[in-house]
């Protein structure tokens with residue numbers, strides 16, 4: 001037997017053991033605590049329900065003792081790693097959150113009142129006060145209203161905001177709400193994966209082709225940025241983001257030091273992650289397949305919505321049954337399904353309609369295209385242009401039913417160009433980019449996340465409204481009337497699960 | 001090496017094609033080039049657009065009277081024709097091109113399309129594919145593009161101007177009731193940036209206009225009163241963001257509006273950037 005196969009087989013056994021452990025509800029502790037002070041190795045694989053996620057630190061093993069990303073440098077006992085866990089694709093799955101609640105009887109700093117509860121005024125030892133986090137993996141994101149533009153200037157919004165439904169009590173609260181002394185809108189969002197940042201934290205040209213206006217700029221260097229960080233693209237750079245995260249999530253009173261900032265950004269720029277092993281498919285980087293995190297180190301940045309350099313070309317070797325060298329018919333079958341899923345993603349066209357910043361930018365409404373039209377960035381499946389798009393995940397009437405989320409009514413003034421497909425009165429769970437830009441046309445536009453490590457970090461969409469990959473596919477099928485067959489749905493799910 | 005790459009690509013394309021089984025991909029075609037048609041009969045109207053499926057990319061139409069005219073096909077953002085949007089009426093301005101039928105319909109060419117900003121839910125006509133009705137030859141199908149290995153287009157650097165420098169005007173045109181700068185406009189703005197930097201401009205004047213469009217039926221459609229200011233303000237912001245000094249600018253919105261006469265009225269919805277040495 002070739003040693004390769006032995007390793008593959010070994011991984012298979014591990015993964016099977018893990019699935020068994022899952023089924024018998026044994027908790028495999030992969031939690032990384034703030035101040036754990038161990039070394040995060042150069043390469044490590046973490047089991048998840050689909051197999052394994054690989055995490056690579058390209059520079060060197062990370063000495064986390066004293067490291068600003070890994071130490072509780074704020075006032076609430078949290079570190080950045082609290083919500084950006086290696087085992088969870090540098091994000092945080094709801095399964096992990098529930099596990100922490102159980103293990104710590106709700107006392108983990110993760111559940112801090114500030115944003116780890118539905119609203120800080122609620123009784124904090126009651127699980128119901130943390131329901132959005134425990135059920136959907138959502139943190140409260142309090143944003144000042146009106147907000148400031150990237151120069152720090154107060155914006156003049158094109159719309160007013162009314163709170164129609166306030167299940168968390170936060171948006172109508174006298175201290176935290178819209179009518180408080182510091183008017184604030186609370187929306188609820190999933191953490192985003194902090195890895196593969198080489199692709200995401202990029203610079204840009206001068207114009208944003210989606211809006212025709214200049215891209216935001218790095219306040220320090222003055223260079224234009226790609227505007228793909230955070231659901232609403234409010235952080236121009238990772239440095240801006242880190243300062244904000246320390247002040248909000250960590251409740252740190254003083255500014256981060258230059259050295260801490262540098263340490264955080266250096267770490268973020270060199271950590272890569274992707275699914276590396278799939279229980280049925282086996283290794284994702286053997287025999288010519290190039291999945292897993294390794295190929296991300298040297299990967300190309302750019303467009304992948306073309307035949308020659310596809311967004312995710314990792315599994316093309318599996319097209320050829322003999323080259324795929326499957327060990328069992330089941331493995332062969334799964335690999336073929338992944339290949340079909342990739343072809344659906346790249347090539348199966350449907351009518352993309354009423355999606356602002358895609359259908360409204362000169363492509364036509366509807367446009368007959370594919371998943372890769374929006375998710376076009378090589379290696380990550382984000383949008384190379386600023387990726388905030390109103391897909392309909394937060395706006396009525398297309399949003400999934402989320403009765404526990406706040407509901408806002410936004411009314412645009414008469415002079416403002418209306419939201420192209422919803423007009424001037426819009427009901428939404430999260431105005432997204434519009435909370436930053438104040439533009440009516442941006443209401444409900446959410447920056448797409450990278451499609452890597454999905455198996456490690458359910459639920460999905462910024463508002464956690466899809467519990468599984470299947471629910472994502474079902475959302476698209478409904479939203480765009482695609483008419484996928486059961487087989488096509490399963491192929492897409494299998495494909496997404498190996499990224 | 002190169003042949004190998006090409007071969008792999010072909011195999012890949014073929015596999016994708018077979019897998020999808022619909023043939024919904026680009027055939028490698030040159031785009032169809034239509035004659036200038038400078039003397040064609042002018043036509044301007046507002047109506048709901050209609051979209052019709054084909055075996056590849058859809059065709060776009062709009063009705064005037066009893067006639068359904070071909071406007072263009074779905075391509076890419078860089079294409080000259082930007083299709084209409086359902087849920088919106090469209091202002092069509094152009095000339096009737098005699099002797100052509102595309103996607104089975106008479107053709108308006110050249111054509112300017114303005115998606116009217118307010119919604120109209122009655123504009124919702126999608127026609128299924130009709131056998132035999134196909135789009136003209138085109139570059140991009142309904143799937144990925146074919147230019148993955150082509151170098152990205154870069155704006156060709158303009159030759160350095162020689163002194164003595166002269167004042168130069170850069171004219172931008174907009175769709176009806178809109179101040180959005182699409183790619184054609186931002187390219188001209190970039191040229192203005194470049195010239196202003198090259199000659200170290202002492203002043204930059206921005207004048208924005210609004211206009212009316214005279215429809216074929218005799219009705220005059222007038223842009224909203226605030227749209228000239230919107231255009232002027234946005235351009236001002238864009239120049240400041242590009243790093244030009246506030247002191248250089250005089251920015252104005254022309255009072256009143258320019259009156260269209262039914263011929264090339266789209267050229268009146270404009271802004272003029274004057275770069276002065």
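Coordinate-derived values only; no laboratory data. Bear in mind the structure is a predicted one, so any value in this text is a computation, not a measurement. Counting neighbours? That spans all protein chains shown, and the Cβs are built from the backbone with ideal geometry, glycine included.
Let me see the pair-distance distribution of region B:41-127: every alpha carbon pair, 10 Å bin width, integer percents in order.
19, 55, 26, 1
I'd like the Kirkwood hydrodynamic radius of region A:214-261, using the inverse of the mean 1/r over distinct C-alpha pairs, in Å.
Evaluated over region A:214-261, this radius sits at 11.4 Å.
Using alpha carbons only, what's the Rg to Rh ratio of region B:165-276 with Rh from Kirkwood? Let's see the in-between values first.
Values: Rg = 14.5 Å, Rh = 14.4 Å.
My calculation puts Rg/Rh at 1.01.
Using alpha carbons only, how many degrees (0 to 90, rounded to 10) separate the axis of helix B:2-20 from the longest principal axis of chain B?
Result, in degrees: 70.
Along each of the three principal axes of the Cα atoms of chain B, give the extent in whole Å, ordering the values from largest to smallest.
In descending order, the Cα extents are 62, 58, 35 Å.
Quick check: pseudo-label points 7 Å beyond the Cα along Cα→Cβ at residue A:404 and residue B:247, how many nm apart are they?
Taking the two extended label points, one gets 6.0 nm.
When the chain is fully extended, how far beyond the present Cα-Cα distance does residue A:297 get from residue A:135, taking 0.36 nm per residue of separation? Each step should come with its number before you reach the end.
Numbers: separation 162, 0.36 × 162 = 58.32 nm, distance 3.43 nm.
Difference between extended and current length: 54.9 nm.
Using 7 Å Cα-to-Cβ label points, what is the residue B:171/residue B:276 separation (nm, one decimal)?
2.0
Give the order of A:388, A:427 when sorted by the count of other beta carbons within 10 angstrom, beginning with the fewest. Please list the in-between numbers first.
Values: A:388 29, A:427 19.
Sorted ascending by nearby Cβ count, the order is A:427, A:388.
Among B:206, A:209, B:263, what is the fewest-to-most ranking by other Cβ atoms within 10 Å? Walk me through the intermediate numbers first.
On the way: B:206 24, A:209 20, B:263 11.
The fewest-first ordering by Cβ neighbours comes to B:263, A:209, B:206.
Using a Förster distance of 30 angstrom, determine the FRET efficiency expected from the C-beta separation of residue A:416 and residue B:219, and round it to 0.05. Provide the component values of the computation, followed by the final result.
Details: r = 26 Å, r/R0 = 0.87.
For residue A:416 and residue B:219, the calculated efficiency is 0.70.
Quick one: length gained pulling residue B:130 to residue B:203 fully straight, 0.36 nm per residue minus the C-alpha distance? Kindly include the intermediate steps, with their values, before the conclusion.
Details: separation 73, 0.36 × 73 = 26.28 nm, distance 5.70 nm.
20.6 nm is the gain from fully extending residue B:130 to residue B:203.
Only helical DSSP H runs with n ≥ 4 go in: add -39500 (n - 2.57) per run for chain A, normalise by residue count and round the 222 nm mean residue ellipticity to 500 deg cm²/dmol.
Using -39500 (n - 2.57) per qualifying helix, the result is -7500 deg cm²/dmol.
Taking a quarter of the surface of the convex hull around the Cα atoms of region A:104-175, what do you get in nm²?
Hull-based average projected area comes out at 6.4 nm².
Given q = 0.11, 0.13, 0.21 Å⁻¹, what are the Debye log10 I(q)/I(0) values for region A:21-153, with equal point scatterers placed on the Cα positions and solvent ignored?
-0.47, -0.65, -1.29
Is there a simple number for the mean count of other chain Cβ atoms within 10 Å of the Cβ of residues in B:81-90, and what is it?
Going residue by residue through B:81-90 and averaging, the value is 5.
So how tilted is helix B:183-198 from the main axis of chain B? Cα-based, degrees 0 to 90, rounded to 10.
In chain B, helix B:183-198 runs at an angle near 40 degrees to the longest axis.
Looking at the protein assembly as shown, what % of the alpha carbon pairs are farther apart than 50 Å?
So the portion of pairs separated by more than 50 Å is 18 percent.
Just subtract the alpha-carbon distance of residue A:259 and residue A:221 from 0.36 nm times their residue separation and send over the number in nm, one decimal. It would help to have the intermediate numbers written out before the result.
On the way: separation 38, 0.36 × 38 = 13.68 nm, distance 1.78 nm.
Result: 11.9 nm gained on full extension.
Between region A:444-459 and region B:212-252, what's the alpha-carbon centroid distance in Å?
39
Viscosity 0.692 mPa s, temperature 37 °C: Stokes-Einstein D of region A:207-344 from its Kirkwood Cα radius, in µm² per second?
Value of D from the Cα-based Kirkwood radius: 178 µm²/s.
Going 7 Å from the Cα of residue A:202 along its beta-carbon direction, which residues of region A:212-254 have the amide nitrogen within less than 16 Å of the resulting point?
Counting backbone N atoms under 16 Å from the label point, the list is A:215-216, A:224-230, A:237-238.
Binning every alpha carbon pair distance of region A:397-495 at 5 Å from zero, what are the percents per bin?
Going out from 0 Å in 5 Å bins, region A:397-495 shows 2, 11, 19, 20, 18, 13, 10, 5, 2, 0 percent.
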